[in-house]
Amino acid sequence: AMEQDVAEDIVAGRLETVLDDWCQPYPGAFLYHPSRRQVPPPLRALIDFLKD
């Protein structure tokens, strides 16, 4: 599970982290698309939504 999704449960003691040495930081998702010049409107809408 993503730590951000279960952070409340960890703080409350219902869950505990294991294998901390093996957990890499997650910087977030990346979106790759072929061109910046001609971004289709639906893709532009998705990018704008994900940025917010």
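The values are calculated or read from the model by the stated rules, or taken from the named source; none is laboratory data. Treat the numbers as computed from the prediction; the structure is a model and nothing was measured. In this analysis, Cβ positions are derived from the backbone assuming ideal geometry, glycine residues included, and neighbour counts consider all displayed protein chains. Side chains are part of the model used for accessible areas, which takes the heavy atoms of the whole protein and leaves out ligands, DNA and RNA. Shrake-Rupley method; radii C 1.70, N 1.55, O 1.52, S 1.80 Å.
Points worth noting:
- Subset of the range 3-20 that is at pLDDT below 90 and of a type in the set (Asp, Glu) - its residue that is least open to solvent (accessible area, probe 1.4 Å): Asp20
- Output for the range 1-36, where each listed residue is of a type in the set (Phe, Trp, Tyr) and farther than 24 Å from Phe49 by Cα: Trp22
- Selection over the range 32-52 of residues that are open to solvent by 80 Å² or more (accessible area, probe 1.4 Å) and either modelled with pLDDT of 85 or more or farther than 22 Å from Met2 by Cβ (or both) gives a count of 11.
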